[in-house]
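Computed from the coordinates by the stated procedures, all read-outs in this text should not be read as laboratory data. These figures come from a predicted structure and were not determined experimentally. Here the Cβ is made from the backbone with ideal geometry for all residues, glycine too, and neighbour counts use every protein chain on show.
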Amino acid sequence: MRLRVVPYPPYRDALGKDPIDLDVPDGSTLREVLTVLARRSAEFQPLASARGDEWLWGQLLVHARGEIVRLDQALHDGDCLELLPPIAGGR
Amino acid sequence: MAPRGYMGAILEVDLTSGAHGVRELTQEMADRWLGGTGLGAQYLWQEKVYQADPLGPDNVLFFATGPFAGTVVPLSNRFGVCARSPLTGVWGEAECGGHWANDLKKAGYDALAVRGRADHPVYLWIHDGEVAIRDARHLWGQDTFATHDTVLKEVGAGERRGQESGVACIGPAGERLVRFAAIMVDGKDGRAAGRAGMGAVMGSKNLKAVAVKGTRDVPIADEPGLKRYLADIRKDIVSTSKGFGALGTAGGIPTHDKMGNWPIKNWQQDHFSEAPDRISGAAMKESILTGRYYCGTCIIGCGRTVHVKEGPYAGVEQAGLEYETTSLNGSNLLVDNLAAVQKMNEWCNRMGTDTISSGAVIGFAMEAYDRGLITREDTDGLDLTWGNHEAAAELTRRMGAREGTFARRLGEGTLRFAREIGGEDFAIHVRGLDFPAHDPRAFFANAVAYATSHRGADHLSSFAHVFQRVVSLPELGYPEPVHRQDAAASPRLVMIGQNLMSWYDSLKCCKFLFFGGIKPHHVLDWYNFVTGRNLSLDELIEAGERIFVQKRIFNLACGSGPWDDTMPRRIVEQSRDIGTDERSLPPFREMLAEYYRLRKWDPETGAVAPEVLERLGLPTPVLSERRPVAAV
């Protein structure tokens, strides 16, 4: 299946600012996509090896259709994955 | 003997008479009220501060640490300050990090209660059990950077950070009673007790600064056990929060824009997609960032330091932007000039104003200008067109200095100004406290949270939007984060979040521990190591519930109840694109009704069910006649 990956700052440093189109096996999970990205940039290796969602979300938020994607969530053909920085709030 | 984790002493200072003394902090008080503004809730209630003029001598300004201050527990060098708010007329509180709380505690005091009014400007110098009221006439009129540095010299600064005395002070805004004046610590590194006008209360007492230094030990029940426990966990906290610490709180701005969360054009606009490239943490890193800043005992380091070296705002060198400041003074005003927003931050910090309320009232004024309700004649010549950062920066300065008629009027706060000009419809507040930078249309829980928070629109008193996003609470029935538009789950989540945060805020933990993977059971363990009380999570969360409901009772006695648990029409009638397939509006009324049912609060009168009061050991609320907020 084909996915589009759109990096936002600061991930453009590692991946460039243009969207990336990836061909991955049907039913690939986010973790598997991060493993593919890790081949482009070593910065993504620890993210691909994340021990859990909450740890990942402290480093990177991946959105698809406005929803946060989990590590072991299967993706769909045509998904656009936005790589966004982690968020907090408060002062 | 002092309860373990505490010094057993609340320092009481009467600035009218110049007398000071100590009220004992007993084990029972520690168990029931924990510390921070929990202790403040009990104290202010006992002293009937709900009857006081917020800017009069009978108001009590209460600074409090918690049981973790002065220990090795990370992210706990924090204090809370509370009083009746001059901005809202109801419960007022603000929380602050930096380098101050540990020194008050190690000087021998868990809390400081200031009442009365000195007949000339003074500052307090509190060190190892000694208390002095010193003349501050030479400091009056100075900004907070200069005040901090001068007081530090006068009381004796140490060789390096951590050995210095802590100085909490006000700037011209507090002196001149700007209703959203802040109390600042750490000078140009700028940590703020920003919200609800605590700086104006301090100024109304002619109190310019409180300097603290302490070397005493805090009694801890099991320090070796605590150290062993923390040794294992510190690395995890740093690793989990790494991404967040790398770019600071403003690092997430691209995400906030995507999620339809941050304020844009006084909450009118869905997205400001060109702005994140220019005014986010990443943009700061590429341009003006010079380093990171850590509050005392912090290991995450979300703070920034910056230096603007070129352009019209060259020369700004101080604390870097936080998310709230960047939003309310950037996107909220359609300003995407990083240096300009940083300049506004500097003015707020120097003058001592709340960056949230400062940006909010300017955003309101810009909309009023856009609508023709005010003209350039009214604005003392400032062109308040959306995006005009020069005008916004100058107005920020003038408000802090209380300079000029227009700035004086805005210094009364958004709601009072809105009432003057007939703009209440687009004043975005609850109880007169301006919205922080999280949209309830993006996180439904915040609709209920803002409406029911004791100090007004406040995302921190429940932190529910975080539990609707990236943090689970398995011990409290949430094995996964709740979906941000789950209206059915939001009321209970808000109630649980409020009880939990009342507990955290009273222990004086930084909430960013959650971003380091810390869960309530970890904090419970730390509490039991420090105090030796061996309480259960349920017992501590019940203490949090007691504290939250006590503050609600305070508000009822001020004349503020369910009639003030409101949402601005813009937020419940104008939908927002939050990046999902459909535009979003929170079903506020239904969620609020369910919240009242869960809390067992009467939705008409505000009465708290007798069985709740009995269980929590709280007084029956004094149901005063309704009084408008922001009118005292």
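For the stretch B:289-415, the spread of Cα coordinates along the three principal axes comes to 48, 30, 23 Å, biggest extent given first.
Rg and Dmax, both from the Cα atoms of the stretch B:9-68 and both in Å, are 12.1, 33. Shielding value for B:370-377 is 0, the average number of Cβ atoms from other chains within 10 Å of each residue's Cβ. One compactness figure for the stretch B:187-337 is 1.29, namely its Cα radius of gyration divided by 2.2 N^0.38 Å. Isolated cysteines in the protein assembly as shown, defined as those with no second cysteine Cβ under 4.7 Å, comprise A:80, B:82, B:96, B:169, B:302, B:348, B:509, B:510, B:558.
Shown here for the stretch B:453-561: GluC sites (Glu not before Pro) in loop regions (DSSP other than H, G, I, E, B) with at most 12 other Cβ atoms within 10 Å, of which there are none. Here is the P(r) of the stretch A:29-77: all C-alpha pair distances, binned every 10 Å from 0, give 28, 58, 14 in whole percents.
Which shape class, rounded, prolate or oblate, goes with the stretch B:192-236 when its Cα gyration tensor gives a ≥ b ≥ c as root eigenvalues, a/c under 1.5 marks rounded, and past that a/b bigger than b/c marks prolate? Because a/c hits 1.5 or more and a/b exceeds b/c, the stretch B:192-236 counts as prolate. Averaged over residues, the count of other Cβ atoms within 10 Å places the peptides B:424-435, B:196-207, B:69-80, A:8-19 in the sequence B:196-207, B:69-80, B:424-435, A:8-19, highest first. Taking other C-beta atoms within 10 angstrom as a stand-in for reagent exposure, B:443, B:406 fall in the order B:406, B:443, fewest first. Take every Cα pair under 8 Å in the stretch B:351-480 that's 6+ residues apart, average their separations, divide by the length, and report that relative contact order as a whole percent. Here the relative contact order equals 18 percent. Beta bridges per DSSP, both residues in the protein assembly as shown: antiparallel share near 80 percent. Modelled spin-label separation between residue B:307 and residue A:70, with each label point placed 7 Å from Cα along the Cα-to-Cβ direction: 4.7 nm. Suppose we look only past 22 Å in the calculated P(r) of chain A. What percent of the Cα-Cα pairs does that tail hold? The answer is 17 percent, as a whole percent.
Give the residue from B:87, B:139, B:37 lying farthest towards the positive end of the charge dipole for the stretch B:1-146; charges sit on Cβ (+1 for Lys and Arg, -1 for Asp and Glu) and the dipole is referred to the Cα centre. So the residue we want is B:37.
Dipole of chain A computed with +1 at Lys/Arg Cβ and -1 at Asp/Glu Cβ about the Cα centre; of A:6, A:19, A:42, farthest Cα towards the positive end is A:42.
Spherically averaged projected area of the convex hull of Cα atoms, the protein assembly as shown: 28.2 nm². Net length available on complete extension from residue B:593 to residue B:539 is 16.8 nm, with 0.36 nm assigned per residue and the Cα-Cα distance removed.
With a 10 Å cut-off around each Cβ of B:237-246, the average count of Cβ atoms from other chains is 5.
Note: the stretch B:497-632, Cα convex hull, 165 Å³ per residue.
Taking the average, over residues, of other Cβ atoms within 10 Å as the packing measure, peptides B:370-381, B:394-405 rank B:394-405, B:370-381 from highest down.
Relative to the globular-protein estimate of 2.2 N^0.38 Å, the Cα radius of gyration of the stretch B:241-307 stands at 1.21. Three principal axis extents describe the C-alpha atoms of the stretch B:401-543; from largest down they are 56, 34, 24 Å. Assign one of three labels to chain B, namely rounded, prolate or oblate, based on the Cα gyration tensor with a ≥ b ≥ c the square roots of its eigenvalues; rounded applies when a/c is under 1.5, prolate when it is not and a/b is larger than b/c, and oblate otherwise. Verdict is rounded for chain B. Membrane-span-like helices in chain B, defined purely by DSSP H runs whose alpha carbon atoms cover 24 Å or more axially and whose average Kyte-Doolittle hydropathy reaches 0.0, are B:490-507, B:537-557. Can you list the lysines whose alpha carbon is less than 21 Å from that of residue B:519, not counting same-chain residues fewer than 8 positions off? Within the straight-line cut-off, residue B:519 pairs with B:227, B:235, B:242, B:508, B:511.
In the stretch B:475-632, a dipole from Cβ-located charges (positive for Lys and Arg, negative for Asp and Glu) runs towards its positive end, and of B:621, B:497, B:532 it is B:621 whose Cα lies farthest in that direction.
Here the stretch B:557-610 is treated as a sphere whose radius is the Kirkwood value from Cα pairs; by Stokes-Einstein at 4 °C and 1.567 mPa s it diffuses with a coefficient of 99 µm²/s.
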